[in-house]
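Here is the structure we will look at.
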Amino acid sequence: QVQLVESGGGLVQPGGSLRLSCAVSGSIFRFYPMGWYRQAPGKVRELVARITSGEITNYADSVKGRFTISRDNTKNMVYLQMNSLKPEDTAVYYCNADPPIGGWGQGTQVTVSS
């Protein structure tokens, strides 16, 4: 059974940075596009960054130029470097394939506040 374990969230001031990590069990994921999703209170979950198996990346307009997604297939890891964080980036962040496969991990909370 595939497991997704996100980590690296926390409380950060506006303008700060965080690096999220996602450990993926199941080597099959290295062949799939992977994404970072987020869900803010009262809002639907949205895809904010995507990376193909060939490391082609795409970003939602709201994070373009501030977030960078990367992957290390040798370690079954996916990362999200988040810079210039804004209060509107506050959400629970999840990783999964794109489109999503199976269930979701527990996510990692990111709170941007002064």
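The values are calculated or read from the model by the stated rules, or taken from the named source; none is laboratory data. Small disclaimer: the values here were computed from a predicted structure and weren't measured. So basically every Cβ, Gly included, is an ideal-geometry build from the backbone, and we count neighbours across all protein chains shown. All accessible areas refer to the heavy atoms of the entire protein, side chains included, with ligands and DNA or RNA removed. Shrake-Rupley method; radii C 1.70, N 1.55, O 1.52, S 1.80 Å.
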Hey, among the residues in segment 50-69 that are within 13 Å of the chain's Cα centre (by Cα) and farther than 21 Å from Pro87 by Cα, which one's least open to solvent (accessible area, probe 1.4 Å)? Ile51
Going residue by residue through segment 85-92, is there one that turns out to be among the polar types (S, T, N, Q), open to solvent by 20 Å² or more (accessible area, probe 1.4 Å) and closer than 15 Å to Gly10 by Cβ? yes
Of the residues in segment 59-74 that are part of a strand (DSSP E or B) and without any contact (Cβ under 8 Å) to a residue 12 or more places away in the chain, the one that is nearest to Tyr37 (Cα to Cα) is Tyr59
Suppose the filter is β-branched (Val, Ile, Thr), more than 14 Å from Thr90 (Cβ to Cβ) and free of Cβ contacts under 8 Å to residues at least 24 places away in the same chain; does Val44 pass it? yes
State the number of residues belonging to segment 1-32 that are more than 12 Å from the chain's Cα centre (by Cα) and modelled with pLDDT of 95 or more. 8
Only one of (1) closer than 18 Å to Val2 by Cα; (2) at pLDDT 95 or above does not apply to Thr111, and that is (1)
Which of the residues belonging to segment 84-114 are under 11 Å from the mean Cα position of the chain (by Cα) and part of a loop (DSSP other than H, G, I, E, B)? Gly107
Quick one: what pairs do we get from segment 75-91, first residue on the phi > 0 side of the Ramachandran plot, second among the hydroxyl-bearing types (Ser, Thr, Tyr), C-beta under 8 Å, 6+ apart or different chains? Asn76/Ser25; Asn76/Ser27; Ser84/Ser17
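Of the residues Leu47, Leu80, Leu20, Leu11, only one is in a strand (DSSP E or B), open to solvent by 40 Å² or more (accessible area, probe 1.4 Å), closer than 14 Å to Val110 by Cα and of a type outside the set (Phe, Trp, Tyr); which?
Details: Leu47 fails: closer than 14 Å to Val110 by Cα; Leu80 fails: open to solvent by 40 Å² or more (accessible area, probe 1.4 Å); Leu20 fails: open to solvent by 40 Å² or more (accessible area, probe 1.4 Å).
Only one candidate passes the filter, namely Leu11.
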